[in-house]
Structure formats: C-alpha cells, structure tokens
Amino acid sequence: MKRLTVTLLSIIMLVSMAFANGGMETESAIREYTEDASPKYVFMFIGDGMSSPQTNSAQVFNGINESGLIELDKLTFTQFPVVGLQYTQDSTSFCPDSASTATSLSSGYKTHSGVIGMGVDKVTPGVTIAEMLHDKGWKIGIVSTVTINHATPAAYYAHIASRNDYYDIGLQMAESGFEYFAGGSVNKADDGDKSIYEVLEDNGYLVTNDKDTILSLNSNSGKVYAYSPVLQDDGAMPYALDAPADSLKLKDFVKKGIDVLDNETGFFMMVEGGKIDWAGHANDALANISDTIALDEAVEVAVEFAKNHPDETLIIVTGDHETGGMTIGYAATGYNTAFDILRNQKCSFVKFDSLVEEAKADGSFTFDDLMAMVEENFGLVAPGETASDEALVMNDYEYAKLQKAYDDDQTGNVDGYEESLLYGGYNPISVTLTHIINNKAGIGWTSYAHTGLPVPVYAYGEGAELFAGAYDNTQVALRLMDLTDAR
C-alpha cells in the first residue's frame, strides 16, 4: 500500500496542541473542527490487547533484519496520517480489563473492571455510540474473531454488571436490532430456556454458519448473524496461524459487513481482533503477530471502501489495553533480534495443546515423544543435535526448562508460586516452548495479564485529525459522538 498522506497537516498540528493543553481548549477545538467534518461511514477497529509492542512486532516480523538493511514492513494502519495516544485506566485499576475499557471506547465514561455499559455504581446504564447512531437511522455491524457476546463486542450493545453473564448479554444482542453480527459464535448460547440462536431468529435474524450463504449476503439480506463455519477454543474463530487456507477470515466478514450495511444514511462497524489478546495472555508471540496482521488485512478492506467514499468515511484503529507486557528485546539476546526464528513455529499454543492431549490419550507419552513433536512444530532440538538453523538448538538451560515443564505436566505440579510465574495457568509444555522460541527471537514478556501501557490511536479519513494528541480513552467515544452528531 502506498504511504497515506494528509493535506490538513496544519490543522492536525493546531488540534494536537489544543488537545495537549486540555480543558476548554480541547472542547473548543472539537467544536471548531466538527462543524465541517461529517463522516457517515465509520469503521472502529479494536485490536484487543494491542499496543505499540504488538503492532511493531508485526512490522519487524515482516521486515528486513540484515546488517545495514534493517527496515520495518509497515502495516496499513500504522501509515495512517493521524496518530494519537489513549490512556486506558478504568475506575478500579491502571491495568484494566476489556469490559471497562471497551465501555469507555464505546460510551465515553469510566467503570469497574468486569462491567459492561454501566457506570461506576454498576446500576446506571449508559448509551453507546452504536446505539446513538442506530437511533439516527444508521445501520450497525459488530464483528469479532472471538465470541460476539464477549466483553469488547458486547460493550457496543449491552448493559450489564458482569461480563460473565454471557446468556443475558446474548439476549441483549438479539434485542439490539443491529443489522449485522459476525465472526465468532455465541458463548454459552444454551444456558437459558431457549438457545440464543433461536432468540436471534425470533427477532428476525438470519442465523448462518454456511460459507456459501455468508458469501452471498448483501444489502437485501436483512438482519444477519453470520458466524465462522470453523471454530476453535470456546467458539472463537481460529487463530490466523491455525486457520485452514480456504476458511473465512476476519477480512471476509468485514467485506460482507459492508455489503449488508451499505446504505445512503450511514453505517457504523466495530471490528475486533479479539485473539490478539488471547495470544498475549498465553505469551505466544507468533499467534499474536499473525492475528495482528489479520486485523490489518481487515483494515485494508475498509481503506478500499474509503477510496470510493473519500469525504464520507472515517477509519479508527486502536486497542483497548495492552496484554502480556510484550517487549521487543530480551536479556539473553542483548541488542539483537531474530524474528525469522518464529517462522519455525507451525501452530498456536492452542493447537499444540490439542496435539499433546492426543499424544497422551493412549497412556504413554514419553519425553522423546514430546521432543519429536517439538522439532516438527517449533523446529527446536536438544543440545548437541543438528537443526536447520543453529539458533534453534536449545541450550542446557532451555532444555532443562522444557524437561521440568514435561514433568510438571505429567504430575500436575502447576500450583506452586514458581510454577505460576513459569506457566501462568497455561499448559506447562506449550507456554515453555513459546517462551523459548520467543526469547531466542528477542521477544520478552512481563505478564500473563493486562498491563497499563497507553495505546496508540490511528485515524484516517473524514474527521481523523480530531484523534491526534494524547487523551483519556473516553475521548475516543466522545469525539466520535461529536463528529457524527450522535448526541
């Protein structure tokens, strides 16, 4: 993609200065620059758990790492002409969760971790940008690689005190009237008197996971819930790293969303790369990078649409928080990185977990059996062995860590303090392997949870300049509301 440029650089600089000063100057800048900006097609992309380390790791992975030729392969959205920075703390923590941060991004106020669409009192419901625009006659789409009643997508249509009340969230989804839901399935769909899928159909939705039916969707299809024919852990779409070549990708659901939602009044589409977060929790760098790239491919679809509607389209790409404390740089590699080592990993931690469980099913699973699987799926070999790349030979320390992980998996020794730091509640074998190959590549992790890192905001199109500067995450929603005259 050619580098995106902006013709309103001076305006961006002025608005950025106003935002940096805050207070009345910020409000004045918003009022001044929303008088002329009026997008009617808005794409809101959220990489769950995605901050600068995740986006730059994807750029390093596809870039050039040769002495004298170091160069990033830039993502589409990192070339957007406007970049801002949002702070992510919620009302309970500087390391927030997806429920509270997505509520801030969708509704413009703070709340507790675990709460969706309600205030700090956990009682008072707010109104989301999607609900406001729907009331104005816009069509609304909610797309995610994880289940559609998971925290981030739910924050655009649901109001509930606990993100774990999946069935009740599913009921609110069916009652929202939004025109397009797509991507993952419904979590705990059968936990009530009637399946959420049936409730959706009762509310006039076409519910389908048939690939051909999904690919034939158009503006005459009515209200649609289209979920992936191929599902992985807990009903989500597969990691991009594991997905069959002919399976529907996130970009495909965005394309079909445009077809279903396209109209003269306007549409709003929230698109979440949810498994970026899940891979971050598990410290699986390649799965994380692959899903970040998949999100970027979905952004490209929106950019192509914007080219045909240049004065009417706004695209925002951001994250809700950072996950895992991912860093480019590791103590044992010093100033060096070798991301090409990651290409030896053939599957995500989830798929490798399933391979291990299959191998253990007959009751005999030796460490030698494991090493054969490790070489096949990660390229790693024992000290003294020969590998396709010498960097893939484990040193004695790494090999001992893997042996301990095998022993702990066999005995169930995963509850100690040391083990909680080593494995974070994940399968000891898979998380140890991803740590080894990540560290060899020059990637480190500090956590299995969310962190308090600020998150970039990338904006392109009509009104994009309003998202320059540094601000609280609530401002993303509030400025969108001003731009679209939603409130």
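So the values come out like this:
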| read-out | value |
| --- | --- |
| Å² of accessible area per residue within the stretch 230-276, as computed with a 1.4 Å probe and no ligands counted | 32 |
| Antiparallel bridge percentage (DSSP; both residues within the stretch 97-249; nearest 5) | 15 |
| Folded to 0 to 90 degrees: helix 23-33 orientation relative to the chain principal axis, Cα | 70 |
| Among 446-456, 468-478, the order from most to least packed when residues are scored by Cβ within 10 Å on average | 468-478, 446-456 |
| Exceeding the 27 Å Cα-Cα cut-off - candidates Lys40/Lys275; Lys139/Lys249; Lys136/Lys256; Lys74/Lys440 | Lys40/Lys275 |
| Spin-label zone in the stretch 340-362 - amide nitrogen under 14 Å from a point set 7 Å from the Cα of Thr333 along the C-beta vector | 340-345 |
| Between the stretch 377-392 and the stretch 120-135, the alpha-carbon center distance in angstrom | 54 |
| Net dipole in debye of the chain [+1 Lys, Arg Cβ; -1 Asp, Glu Cβ; about Cα centre; nearest 20] | 1080 |
| Placed amide H near Tyr225: partners under 5 Å, 5+ positions off or other chain | Phe181, Leu206, Val207, Thr208 |
| Expected 222 nm ellipticity per residue - DSSP helices of 4 or more, -39500 (n - 2.57), all of the chain, to 500 | -12000 deg cm²/dmol |
| Degrees separating the helix 428-441 axis from the principal Cα axis of the chain, which is the longest one | 80 |
| Phi-based couplings in Hz for the stretch 86-102 (Karplus 6.51, -1.76, 1.60; Gly and Pro marked x) | 10, 8, 10, 4, 10, 6, 10, 7, 7, 10, x, 10, 6, 4, 6, 5, 5 |
| Solvent-accessible area, 1.4 Å probe, carbon plus sulfur percent, for the stretch 127-232 | 40 |
| Cα centroid separation, the stretch 457-476 to the stretch 52-85 (Å) | 20 |
| Relative contact order [Cα under 8 Å, 6+ residues apart], the chain, whole percent | 27 |
| Inter-centroid distance (Cα atoms) of the stretch 412-444 relative to the stretch 194-251, Å | 34 |
| 0 to 90° range, to nearest 10: angle between helix 367-378 axis and the chain longest Cα axis | 40 |
| The stretch 355-420: C-alpha gyration tensor shape, a/c 1.5 cut-off, then a/b vs b/c | oblate |
| For peptides 207-217, 157-167, sequence by mean Cβ density within 10 Å, most packed first | 157-167, 207-217 |
| Phi-based couplings in Hz for the stretch 410-427 (Karplus 6.51, -1.76, 1.60; Gly and Pro marked x) | 5, 9, x, 7, 10, 9, x, 4, 4, 5, 5, 6, 6, 10, x, x, 8, 4 |
| Set of lysines with alpha-carbon distance to Lys360 below 19 Å, sequence-local pairs under 8 removed | Lys351, Lys404 |
| Nonlocal amide H pairs with Asp472, under 5 Å, H built at 1.01 Å | Tyr87 |
| Bridge type composition, the chain - antiparallel percent by DSSP, nearest 5 | 30 |
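The values are calculated or read from the model by the stated rules, or taken from the named source; none is laboratory data. All of these numbers come straight from a predicted model, not from anything done at the bench. Don't worry about glycine lacking a Cβ; one is built from the backbone with ideal geometry, like all the others, and counts go over all protein chains shown. Quick note on the areas: whole protein, heavy atoms, side chains included, nothing else; ligands and nucleic acids left out. Shrake-Rupley method; radii C 1.70, N 1.55, O 1.52, S 1.80 Å.
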